[in-house]
Amino acid sequence: MSAQNLFSSVGQNRIFRNRSVLVSDFIPLSLPHRESEIRRLAQILSPSLEGTRPNNAFMYGLTGTGKTAVVRYVSNQLSKEALSRGAAVGLVYVNARKDDTSYRVLAQVGKQLNLHLPFTGLSVAEVYSRVTAHVEKLSCTVIISIDEIDSLVREPNGNLLYKLTRMNSDLSKSRVSLIGITNDSKVLDALDPRVRSSLGEEELIFGPYDAEQLRDILHARSSDAFQDNALGADVIPYVAALAAKDHGDARKAVDLLRKAGEVAERLGSERVRTEHVQQALSEIEVDTALEVVTKLPLHSKIILACIADLYVKKQTVITGDVFALYLHTCKRMGLEVLTSRRVSEIINELDMVGVISTRILNRGRFGRTKRIALNVDPEHVRAAISKDDILKTT
């Protein structure tokens, strides 16, 4: 097949008009059902336009409830207004799960404020000092939004938040405000009381979307994303109902709608139908599970591989069988084995992330054990685990 044949259909899309509207980092022109949160955050940040430090703010809510979208949306509006007024406002957005060390967070802050820092080679204290000095030279109000801020609460990064909340004491001509975004409503409880009082000056709570609200969100996105009449009439209500069951996650709803469109496109269909949504859902679940598997620690992967092997041979898998095969596998690989208690804990962890399900099985005078069911295709598990160089030949 020639390259011309491979790409001859490009530009002849019957499903999508603009699929980028349905990607996770797209910031829409409107955010249905988050108008009150947008107004509140705008009120909190408005003093920056007058050269005054806004209060720090904390945003709580489950995944996909619009926290990040609201912060990015308001930040964009604030940036435009500051430019039109000639107000000195600097805006920074950092995802602390992606930039997962104190060094990387500070380097990202510096980069977005046009400060060049080496990728490595400096101490965190030196990077902090350079960022602070640069902020002071800017003579402006800097608003730093930190997404998934709970990642910084855990050691060894916990001290960074203390430094950031105290940065204003090292400034005279500039001001810094922080916006923390988190899925964990209890994250403030884990902070140093001094940091907690500083960060929690303002709090916004984002509730989950219901099915009707999700329908409005999907309709708003779909009008720009899809060609006219490319969506079956029951597709958006169906996607919204599925997402509403999953804690009202708008991000997953939008992702599922995009994936359904891609399935329809792949199958040569002129319209997206509910069966495409069902296939997209199964593909997303597999992709998510495989992503979880590839990120597991070594011994967790080995235990999951043992469960998968046993599941293929016999549908009833119990913890004793898993531990026996785990011992044999570690001996063959020359690895030090974990205790049976630790193996049991790892099985519980695998249950928590959803790749397996466990149920207590009472065997009378033989005691109790756990019956384990695999929630992912064994071949998919093997494929994901084989990406680990150590486990390729196991």
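The values are calculated or read from the model by the stated rules, or taken from the named source; none is laboratory data. All figures in this text were calculated on a predicted structure; none of them were measured in a lab. A quick note on method: Cβ atoms are made from the backbone with ideal geometry, for glycine too, and the neighbour counts reach across all protein chains shown.
Things worth noting here:
- Boolean, Lys137 is assigned by TED's automatic domain parsing to the domain that holds Arg104, of a type in the set (Lys, Arg), more than 21 Å from Ala88 (Cβ to Cβ) and not in a strand (DSSP E or B): no
- Verdict on Asp228 being surrounded by fewer than 16 Cβ atoms within 10 Å (Cβ to Cβ) and not assigned by TED's automatic domain parsing to the domain that holds Arg342: yes
- Condition broken by Glu81, with the remaining ones in (1) surrounded by fewer than 20 Cβ atoms within 10 Å (Cβ to Cβ); (2) at pLDDT below 95 satisfied: (2)
- If only residues of segment 109-131 that are surrounded by 21 or more Cβ atoms within 10 Å (Cβ to Cβ) and not aromatic (Phe, Trp, Tyr) are counted, the one that is nearest to the chain's Cα centre (by Cα) is Val109.
- Per-region count, segment 208-254, residues aromatic (Phe, Trp, Tyr) and closer than 30 Å to Ser185 by Cβ: 1
- Filter result (at pLDDT 95 or above and on the phi > 0 side of the Ramachandran plot) within segment 115-162: Ser139
- Extreme residue, surrounded by the most Cβ atoms within 10 Å (Cβ to Cβ), among residues of segment 265-279 that are within 12 Å of Val235 (Cα to Cα) and not hydroxyl-bearing (Ser, Thr, Tyr): Val272
- Condition met for Val277 (touching a helix residue (DSSP H, G or I) at 6+ places or on another chain (Cβ under 6 Å), of a type in the set (Val, Ile, Thr) and not assigned by TED's automatic domain parsing to the domain that holds Lys245): no
- Only one entry in Val239, Val176, Val263 is of a type in the set (Val, Ile, Thr) and under 30 Å from Lys137 (Cα atoms), namely Val176.
- Output for segment 49-88, where each listed residue is outside any helix (DSSP H, G or I) and closer than 24 Å to Ser197 by Cα: Gly51, Thr52, Arg53, Pro54, Asn55, Asn56, Ala57, Phe58, Met59, Tyr60, Gly61, Leu62
- Single residue of Val109, Val131 found to be among the aliphatic types (A, V, I, L, M), farther than 21 Å from Met59 by Cβ and in the same structural domain as Tyr60 (by TED's automatic domain parsing): Val131
- Per-region count, segment 319-359, residues at pLDDT below 90, in contact with a Leu (Cβ under 7 Å, 6 or more places away or on another chain) and of a type in the set (Val, Ile, Thr): 2
- Segment 57-78: number of residues that are surrounded by fewer than 22 Cβ atoms within 10 Å (Cβ to Cβ) and in contact with a Ser or Thr (Cβ under 6 Å, 6 or more places away or on another chain): 1
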